[in-house]
Structure formats: C-alpha cells, structure tokens
Amino acid sequence: MAFPVQRPRRLRSSELIRRLARETHVYPSQLILPLFVCPGEGVRKEIGAMPGHAQLSIDNLVRECEECKTLGLGGVILFGIPEHKDEFASGAYSNDGITQRAIRAIKQEVSDLLIITDVCNCEYTSHGHCGLVKGGSVDGEVDNDATLGWLAKTAVSHATAGADIVAPSDMMDGRVAAIRNALDAAGHIKTPVLSYAAKYASVFYGPFREAAESAPQFGDRRTYQMDPANGREAMREIALDLEEGADMIMVKPAMPYLDVIREARERFNVPLGAYQVSGEFSMITAAANNGWLDLDRAILESLTSIRRAGADFILTYFAKLATRLVG
Ligand SMILES: [Zn+2]
C-alpha cells in the first residue's frame, strides 16, 4: 500500500516526533579531543589554520583537560611537539619526553579522564617522516622494520607514564604486533591498542602539520599511508591489524571516507573510531567564519554523518563546541 496511506512526512511533522524517530545520536562521551603539547610554561601558541586550537605547555594542557572532563568528553588524544628533533626520533620514546611528562601531569591533576596517545615519529624526526629514512633517500623511503622498534619503545613509555590507550598512526606493516608484544613484555597487558588501521595519504591533514610541526621536509607519505582510491585495501589493513592484536580500529580522515567506515562497521565487530581531521575542521570553520555555513548545524550534521556511517566514536577538533549541541 503506497500513497496516500503511506506518508513518511507524518514522522517529520514536529520536533517531538522527529526526536523519537531519530536513528542516530551523538553523545559527548563518543567525542575525543586532539591536543598538542609543547615545551615551556604558560604557552598557548595559536594554530593559524585551526581557530580556537593551540599548542599548549603542560600547565595549560592540564587546565584544558580539566575542562574536557567537566564537559563529559570521551577523552583526549595527545600529540607531542618536542624541544629538539633528530634523525632517530629520540624524543618520541624518551621516558622524559614531552608526551610522557604531559601524561604524568594530567594523571596527577585530573582524575577520570581517558588519555589516548598518538604513537608515531613524525613530530620527532628532523625530516618529518614517520620512521627511519634510509640514507640518501629523497623520496621519503621509510625503513619499515627498523621503525618498529621505535614505535614499540614509544608505546611502552606512554603506557608506563599512564596512558590508557596507545594509538599507532604510522602505517608501518607489523607495528601492532610489535607494540602488543612490547607492551605485554613490559607488563602492560591491560593497555589496549587503538590502531589507525586505515589511514589515507590525505590532503586534509594540511592544517595539522602546522599544529604538530610535522610536515615532511622532502618527499611525501604515499609509500606508507594508503592511496585514497582504495577501499578494499582498507579492509585488508584492518584485518591484518586485528590479527596482530589491535583492540580498536580507526579510519582517517572521516567525511571523505564514509564508505570505508560503513564497510568496516559491517565486517568487523570491534569498536570503530573515525578521525574528523584538521582539514575537515578548517573547511567548516572557514566557511562559517565567512558566513557561508551555520557553524552549529555544520558541526552537528558532519558528526552525525560519521556516526550514521558506523563510527562508535569520533576524534574531532569540534569536541568541545559539540557538547552543547549533542546528547
Ligand atoms: Zn607520523
């Protein structure tokens, strides 16, 4: 029986009915705020392409984390900007590194806030690549197997400092197994691994590279991050990470890859995250600042679309702004 008996508009006739019929919800507890921690005291260095976001010294970071807890966010994910960079990313796995110190400070000052740490080398290498670059390589040829040891050491140092979840974002083959083995050997059997399982070589990371000071000095990341044209390959990457012991998986970026999120949701029964990246944030913010989009509605619609595609949680620079719109 179709029209006139069937009238889908009946279920849209008032906000009360629409609310009852709504299929997808976004809650603050599903949102993770990325934060950038830098050396110094009292530092708040604004990021030009990401209005409202800044590199924060540890004292200011702790204050920001208190606010995140008050807002009921699902957690924060930390990116460190070290004092010195070198060829071997030594700042990434130093027990006294910027991220390790930040974790300890947050854990001491803020109770019950989930801390995820990004595990990678690109903020810590002088050349900005995510691993060891072979001598003389000008196209960013990263030595996969030599990089695994750095990642494992970094993950262990984060867990030892108190990180609740470690999240490798480097896209080296075999990194999840290397990290899992190292965590277990160090006694961190309860620390979950959230793998950036399907991370694409995306133009939408542009503003982040200013934020994390991690732009590659030569070449690009296409020998390790995924080709944006590939969806089937994403399923292979995710399956391999799960075999290696990943507890949760992530797709990055989010809005240009909603099909990948949907496919992952249907195939894999583990918590699935999506990263609404800096470029997604900056595009919406710039359009809103020009009066071309309504900011609140754009935030809500973009986050809802990512949830509708199948993501359980979202890493987003809108996390704080969104809490007054959702739930
Ligand atoms: Zn990296």
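None of the figures in this text is laboratory data; all of them are computed from the coordinates on show. All values reported here derive from a predicted model rather than from experimental measurement. Methodologically, a virtual Cβ is constructed for each residue, glycine included, from the backbone with ideal geometry; neighbour enumeration extends over all protein chains shown.
Data table
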| item | result |
| --- | --- |
| The listed residue being part of a loop (DSSP other than H, G, I, E, B) and within 23 Å of Ala49 (Cα to Cα), out of Pro207, Pro216 | Pro216 |
| Any pair with Cβ under 9 angstrom, 6 or more apart, that starts in segment 106-134 at a residue that is without any contact (Cβ under 8 Å) to a residue 60 or more places away in the chain and under 23 Å from Lys85 (Cβ atoms) and ends at one that is of a type in the set (Asp, Glu) and within 9 Å of the ligand (Cβ to nearest atom) | Cys120/Asp170; Asn121/Asp170 |
| Criterion violated by Ile103 - all others in (1) crowded, with 21+ Cβ neighbours inside 10 Å; (2) farther than 14 Å from Ala155 by Cα; (3) more than 16 Å from the ligand (Cβ to nearest atom) satisfied | (2) |
| Lone qualifier among Val142, Val176 - being within 16 Å of the ligand (Cβ to nearest atom), of a type in the set (Val, Ile, Thr) and over 18 Å from Ile77 (Cβ atoms) | Val142 |
| Boolean, Ala197 is outside any strand (DSSP E or B), within 15 Å of the ligand (Cβ to nearest atom) and among the aliphatic types (A, V, I, L, M) | no |
| Residue list for segment 80-100, restricted to those being in contact with a strand residue (DSSP E or B) (Cβ under 9 Å, 6 or more places away or on another chain) and either within 16 Å of the ligand (Cβ to nearest atom) or among the aromatic types (Phe, Trp, Tyr) (or both) | Gly80, Ile81, Lys85, Asp86, Glu87, Phe88, Ala89, Gly91, Ala92, Gly97, Ile98, Thr99 |
| Failed item, numbered, when Ser157 is tested on (1) in contact with a strand residue (DSSP E or B) (Cβ under 9 Å, 6 or more places away or on another chain); (2) away from the ligand (no atom under 11 Å from the Cβ) | (1) |
| Where Ala212 falls short, out of the listed (1) touching a strand residue (DSSP E or B) at 6+ places or on another chain (Cβ under 7 Å); (2) away from the ligand (no atom under 16 Å from the Cβ); (3) aliphatic (A, V, I, L, M); (4) farther than 23 Å from Leu272 by Cα | (2) |
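Table: residues versus (1) more than 15 Å from the ligand (Cβ to nearest atom); (2) under 19 Å from the mean Cα position of the chain (by Cα).
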{"site": "Ser126", "(1), (2)": "no, no"}
{"site": "Ile165", "(1), (2)": "yes, yes"}
{"site": "Val193", "(1), (2)": "yes, yes"}
{"site": "Ser202", "(1), (2)": "no, yes"}
